[in-house]
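J.: The structure's right below; bear with me while I get my questions together.
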Amino acid sequence: MTWVPIDLNADLGEGFGRWTLTDDEQLLSVVTSANVACGFHAGDAATMRRVCELAAARGVRIGAQVSYRDLAGFGRRAMDVPAAELAAEVAYQIGALEVFARAAGSRVSYVKPHGALYNRVVRDTEQAAAVVDGVLLADRTLPVLGLPGSRLHEAAAAAGLPVVAEAFGDRAYRADGSLLPRGQEGAVVTDPDEVVERAVSMARFGVVTAHCGSSVTVRARSLCLHGDTPGAVDLARRVRAQLEASGVRVEAFA
């Protein structure tokens, strides 16, 4: 049986100044795509440059992880930003990362929203359209990575942008295929064995068990491995090793 190749992405560069959160160098030895923080929820110029250089040296695709302007809340607080302002800020973040990606001999290959913005554009048509407008301002060819069936993907596809479906091995799902909000108990799956099992199930069979116990169809081209959780590097290695042992080809989508 032949399966669709799977991309492994992780959120990287999520530090600021002397403070670091993710083990960027080690994670870049595992993943095929790097969602690089662009300074709005985390990251700074020096960090962005360093991560781009590391990613380019390893052949890892560089993605702009765009966010609401919320350093204090790590981009996970709900915010109401006017559409025109949000579009400009999305373009700004992509453009900033593109400078460092180009300097490293690579380029920004895709865009992925972060945190509260990611969740907001699943259902909010106006905010989703604003994110797409920002991507169009920066580069009209960039794929948009996000939750399948989201308003973001609808808006991106309507605008002619490629869309890439994403799944999460370490996040709980609702029966409708949406993610269980982080504020609810059980939203983050912490058992490493369970995370690995869920990742392989989604990659091979396109299904995962929802929080309520039902089976949910999750067909994705990219699988997110969160880099800000304890033991993230070891878990990422386990996931990749088990995927490959199961016959799944791991390769970037962009």
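The values are calculated or read from the model by the stated rules, or taken from the named source; none is laboratory data. What you see is a predicted model; the values in this text were computed from it and never measured. Neighbour counts run over all protein chains shown; Cβ positions are idealised from the backbone, glycine included. Accessible surface areas use protein heavy atoms only, side chains included; no ligands, DNA or RNA. Shrake-Rupley method; radii C 1.70, N 1.55, O 1.52, S 1.80 Å.
Residues checked against (1) touching a helix residue (DSSP H, G or I) at 6+ places or on another chain (Cβ under 9 Å); (2) under 18 Å from Ala116 (Cα atoms); (3) of a type outside the set (Gly, Ala, Ser); (4) free of Cβ contacts under 8 Å to residues at least 40 places away in the same chain:
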position: Leu54; (1), (2), (3), (4): yes, no, yes, yes
position: Val60; (1), (2), (3), (4): yes, no, yes, no
position: Asp70; (1), (2), (3), (4): yes, yes, yes, no
position: Arg76; (1), (2), (3), (4): yes, yes, yes, no
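J.: For Ser106, indicate whether it is polar (S, T, N, Q), at pLDDT 95 or above, open to solvent by 20 Å² or more (accessible area, probe 1.4 Å) and in contact with a Cys (Cβ under 9 Å, 6 or more places away or on another chain).
T.: Criteria met by Ser106.
J.: Would you check if there is a residue in region 119-135 being without any contact (Cβ under 8 Å) to a residue 60 or more places away in the chain, outside any loop (DSSP other than H, G, I, E, B) and under 28 Å from Asp234 (Cα atoms)?
T.: no
J.: For region 132-148, which positions are closer than 15 Å to Gln93 by Cα and not charged (D, E, K, R)?
T.: Answer for region 132-148, where residues must be closer than 15 Å to Gln93 by Cα and not charged (D, E, K, R): Val132, Gly134, Val135, Leu136, Leu137, Ala138, Leu142, Val144.
J.: Determine which member of the set Asp80, Asp70 is of a type in the set (Asp, Glu) and either within 17 Å of the chain's Cα centre (by Cα) or open to solvent by less than 10 Å² (accessible area, probe 1.4 Å) (or both).
T.: On inspection, the qualifying residue turns out to be Asp70.
J.: Yes or no: Ser33 closer than 20 Å to Phe253 by Cβ, small (Gly, Ala, Ser) and at pLDDT 95 or above?
T.: Taking the combined requirement at face value, the residue satisfies it.
J.: Determine, yes or no, whether Val200 is within 17 Å of the chain's Cα centre (by Cα), buried (at least 16 other Cβ atoms within 10 Å of the Cβ) and either under 24 Å from Leu12 (Cβ atoms) or of a type in the set (A, V, I, L, M) (or both).
T.: no
J.: Looking for something farther than 23 Å from Gly160 by Cβ, among the polar types (S, T, N, Q) and open to solvent by 10 Å² or more (accessible area, probe 1.4 Å) - is there at least one such residue anywhere in region 30-52?
T.: yes
J.: Which one of Ala252, Ala245 is small (Gly, Ala, Ser) and either surrounded by 13 or more Cβ atoms within 10 Å (Cβ to Cβ) or in contact (Cβ under 8 Å) with a residue 12 or more places away in the chain (or both)?
T.: Going through Ala252, Ala245 in turn, just one is small (Gly, Ala, Ser) and either surrounded by 13 or more Cβ atoms within 10 Å (Cβ to Cβ) or in contact (Cβ under 8 Å) with a residue 12 or more places away in the chain (or both): Ala252.
J.: Go through the residues of region 146-167 one by one and say whether even a single one is basic (Lys, Arg) and surrounded by 14 or more Cβ atoms within 10 Å (Cβ to Cβ).
T.: Yes; the residues of region 146-167 include at least one that is basic (Lys, Arg) and surrounded by 14 or more Cβ atoms within 10 Å (Cβ to Cβ).
J.: Right, something else. Any residue in region 1-30 that is farther than 15 Å from Leu223 by Cα and hydroxyl-bearing (Ser, Thr, Tyr) sitting within a Cβ distance under 6 Å of a residue that is outside any loop (DSSP other than H, G, I, E, B) and open to solvent by less than 70 Å² (accessible area, probe 1.4 Å)? List the pairs, counting only those 6 or more apart or interchain.
T.: Qualifying pairs under 6 Å: Thr22/Leu12.
J.: Same structure again: Within region 120-129, is there a residue that is over 30 Å from Leu86 (Cβ atoms) and among the β-branched types (Val, Ile, Thr)?
T.: No, there is no match, as no residue in region 120-129 is over 30 Å from Leu86 (Cβ atoms) and among the β-branched types (Val, Ile, Thr).
J.: Considering only residues that are modelled with pLDDT under 95, open to solvent by 40 Å² or more (accessible area, probe 1.4 Å) and not polar (S, T, N, Q), look in region 210-227 and name the one that is nearest to Leu27 (Cα to Cα).
T.: This residue is Arg219.
J.: In region 171-185, how many residues are out of contact with any His (no Cβ under 6 Å at 6 or more places or on another chain) and open to solvent by less than 60 Å² (accessible area, probe 1.4 Å)?
T.: Here the count works out to 6.
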